[in-house]
Amino acid sequence: MKKLVRKLSDMKDFYKSQKEVLKILEKRNPVIYEVYETRHSDKNGDLCYTTTIIYPGKIGKEYFMTKGHFHKNKNSAEVYFGLSGRGKSLLMDKKGNKKTVEIKKDKIVYIPPDFAHRTVNTGKQKLRFLSVYPSDAGHDYEAIRKNGF
Ligand code: PAN
Ligand code: ZN
């Protein structure tokens, strides 16, 4: 299993208020989320699964959230399964059509192929969810970093 920690300094561009980001970074560098990934191989047909933990909190008016990405391989769908906490998954296709889906304990969120996805912790507790996706899906963060949701 691989552990990834995303602190505010790792994702400053992803937040709207740069003023707020810099103000917080002057004093501290909070952990926004952690990802625990299990990958058996990168082969087509194999699956990857991860647990994401998003901490509660806000940067200005925006809640703590994941960076968000499209899958590089456009044919790759994904399933999220809520473990604890409360939040929203934001989905968006290449034409800009958007959908917001609630995520909480025991709730399944289906992410269709070629939909960007970001998850936001709107609650007071940690938001934890499991995700399952093709091992060769790949992650493309650039479009979201530049244009947001
Ligand atoms: C998830 C995400 C995870 C972190 O496993 O990768 O929640 O979000 P970011 O990758 O946007 O930082 C997933 O959607 N995998 O494909
Ligand atoms: Zn994904």
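Values quoted throughout were computed directly from the atomic coordinates according to the rules given, and no laboratory measurement underlies them. Because the structure is a prediction, the values reported are computed rather than measured. A quick note on method: Cβ atoms are made from the backbone with ideal geometry, for glycine too, and the neighbour counts reach across all protein chains shown.
Could you tell me which of rounded, prolate or oblate describes region 53-112, using a ≥ b ≥ c as the square roots of the eigenvalues of the alpha-carbon gyration tensor, with rounded for a/c under 1.5 and, failing that, prolate when a/b is larger than b/c and oblate otherwise? Oblate shape, in that a/c is at least 1.5 and b/c is the bigger or equal ratio. Shown here for region 21-58: GluC sites (Glu not before Pro) in loop regions (DSSP other than H, G, I, E, B) with at most 16 other Cβ atoms within 10 Å, of which there are none. Scalar couplings 3J(HN,Hα) for region 44-60, obtained by applying the Karplus form with A = 6.51, B = -1.76, C = 1.60 to θ = phi - 60°, are 4, x, 8, 10, 10, 9, 9, 10, 10, 10, 9, 6, x, x, 9, 10, x Hz; x denotes Gly and Pro. Residues of region 58-94 with backbone nitrogen within less than 20 Å of a virtual label 7 Å along the Cα-to-Cβ line of K7, please, listed as ranges. What the label zone holds, given the 20 Å backbone N cut-off, is 58-60, 64-68.
For the chain, the longest principal axis of the alpha carbon atoms and the long axis of helix 18-27 meet at an angle near 70°.
What the phi angles of region 110-127 give under the Karplus curve with 6.51, -1.76 and 1.60, with θ = phi - 60°, is a coupling list of 9, 10, x, x, 6, 10, 5, 9, 9, 10, 10, 8, 9, x, 9, 9, 5, 9 Hz, glycine and proline written as x.
Sum -39500 (n - 2.57) across every DSSP H segment of at least 4 residues in the chain, then divide by the residue count to get the 222 nm mean residue ellipticity, nearest 500.
Working: 2 runs with 16 residues, N = 149.
It lands at -3000 deg cm²/dmol.
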